[in-house]
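Participant: Can you read through this structure? Questions will come right after.
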Amino acid sequence: MSISVMVEKERVLEALRNCYDPEIPVNIVDLGLIYDLKIDGGSVFVKMTLTAQGCPAHAFLKEEVERQLLQVPGVDSAQVDIVWDPPWTPERMSDEAKKQLGFDRPQEPSVPLELKPIRSGSSRSAPDGSNLLVNKRGEAYKVSDDVKAVWELCDGSKSVGEVVGVLAERLGVPIEEIAGQVAQMVYEMLQLGLLANPDEFVQLDLT
């Protein structure tokens, strides 16, 4: 005689919180990637998305979610469907995730899209493998892959608008979807000394 175990939704969510998009240090629940969750006896059905179509982590993340679900007591089968409609946006993140990734900060002021910022300082990897950007004062900041990508593209030859265009093509998303976010990243890096505004360069030593 077998005894069936009732699958608890909270246990399922706990399992999903063990899954991470390799590009972002936030679990897929708080990231807002889970669109639907259904439990039918010992079967669990998950409908989820990724932060961008064409994400190389597509197959890996799907398998990892299924693996985590099958470890939940009472779960006999797990089905995970990746969908793209509606598209994911940062607004779907939990408040804690927004705070962790810096999306809780005011979106204004920003920077004009015609500005051609130039990166300042250097980049390196932290002991845990995460990205660090270091300004010329030696102050280090842990940043996401997206922020690092923006920093690398800011070589003084591209305007903020052109950087947005390159990233939009790379991510396969509309320009208007990320323009404000990229402009805000540039603004914050200017404030931290990780980017410089070439229009503000002055000659301090005239001798």
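Participant: Could you grab the pairs with beta carbons closer than 7 Å, sequence gap of 6+ or different chains, first residue in region 134-154 and in the same structural domain as residue 189 (by TED's automatic domain parsing) and assigned to a loop (DSSP other than H, G, I, E, B), second one surrounded by 12 or more Cβ atoms within 10 Å (Cβ to Cβ) and small (Gly, Ala, Ser)?
Facilitator: As it stands, the answer is 135/120; 135/121; 135/193; 136/120; 136/121; 136/193; 137/193, since those pairs meet every condition given.
Participant: Then there's this: Can you pull out the residues in region 149-170 that are buried (at least 18 other Cβ atoms within 10 Å of the Cβ) and not small (Gly, Ala, Ser)?
Facilitator: 150, 151, 153, 154, 160, 163, 164, 167
Participant: Taking the stated definitions as given, is residue 72 assigned by TED's automatic domain parsing to the domain that holds residue 57, touching a Lys or Arg at 6+ places or on another chain (Cβ under 6 Å) and in a loop (DSSP other than H, G, I, E, B)?
Facilitator: yes
Participant: Could you list all residues from region 18-48 that are among the β-branched types (Val, Ile, Thr) and more than 23 Å from residue 7 (Cβ to Cβ)?
Facilitator: Those that are among the β-branched types (Val, Ile, Thr) and more than 23 Å from residue 7 (Cβ to Cβ): 24, 26.
Participant: Just to be sure before I move on: is residue 164 in contact (Cβ under 8 Å) with a residue 24 or more places away in the chain, closer than 20 Å to residue 101 by Cα and not assigned by TED's automatic domain parsing to the domain that holds residue 52 in the structure I sent?
Facilitator: yes
Participant: Do you know which of the residues in region 171-190 that are without any contact (Cβ under 8 Å) to a residue 24 or more places away in the chain and in contact with a helix residue (DSSP H, G or I) (Cβ under 8 Å, 6 or more places away or on another chain) is surrounded by the fewest Cβ atoms within 10 Å (Cβ to Cβ)?
Facilitator: Step one: list which residues in region 171-190 are without any contact (Cβ under 8 Å) to a residue 24 or more places away in the chain, which gives 174-176, 178.
Now drop any that are not in contact with a helix residue (DSSP H, G or I) (Cβ under 8 Å, 6 or more places away or on another chain), which leaves 174-175, 178.
Details: 174: 10, 175: 13, 178: 22.
Here the residue is 174.
Table: residues versus (1) modelled with pLDDT of 80 or more; (2) part of a loop (DSSP other than H, G, I, E, B).
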{"site": "53", "(1), (2)": "no, yes"}
{"site": "80", "(1), (2)": "yes, no"}
{"site": "88", "(1), (2)": "yes, yes"}
{"site": "98", "(1), (2)": "yes, no"}
{"site": "104", "(1), (2)": "no, yes"}
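Participant: With respect to residue 118, is the statement that it is outside the structural domain of residue 174 (by TED's automatic domain parsing) and at pLDDT 90 or above true?
Facilitator: Here the answer is no, as residue 118 does not meet what is asked.
Participant: Could you tell me whether any residue of region 40-50 is closer than 29 Å to residue 132 by Cα, modelled with pLDDT of 80 or more and crowded, with 17+ Cβ neighbours inside 10 Å?
Facilitator: Checked region 40-50: at least one residue is closer than 29 Å to residue 132 by Cα, modelled with pLDDT of 80 or more and crowded, with 17+ Cβ neighbours inside 10 Å.
Participant: Conditions first: (1) closer than 22 Å to residue 21 by Cα; (2) in contact with a Ser or Thr (Cβ under 8 Å, 6 or more places away or on another chain). Residue 77 passes all but one, so which condition is the exception?
Facilitator: With respect to (1) closer than 22 Å to residue 21 by Cα; (2) in contact with a Ser or Thr (Cβ under 8 Å, 6 or more places away or on another chain), residue 77 is out only on (1).
Participant: When residues of region 107-148 are filtered for being exposed (fewer than 11 other Cβ atoms within 10 Å of the Cβ) and touching a strand residue (DSSP E or B) at 6+ places or on another chain (Cβ under 8 Å), how many remain?
Facilitator: Selection size over region 107-148: 3.
The values are calculated or read from the model by the stated rules, or taken from the named source; none is laboratory data. Just so you know, these numbers come straight off a predicted model, no measurement behind them. Neighbour counts are summed over all protein chains in view; Cβ atoms, including those assigned to glycine, are modelled from backbone coordinates with ideal geometry.
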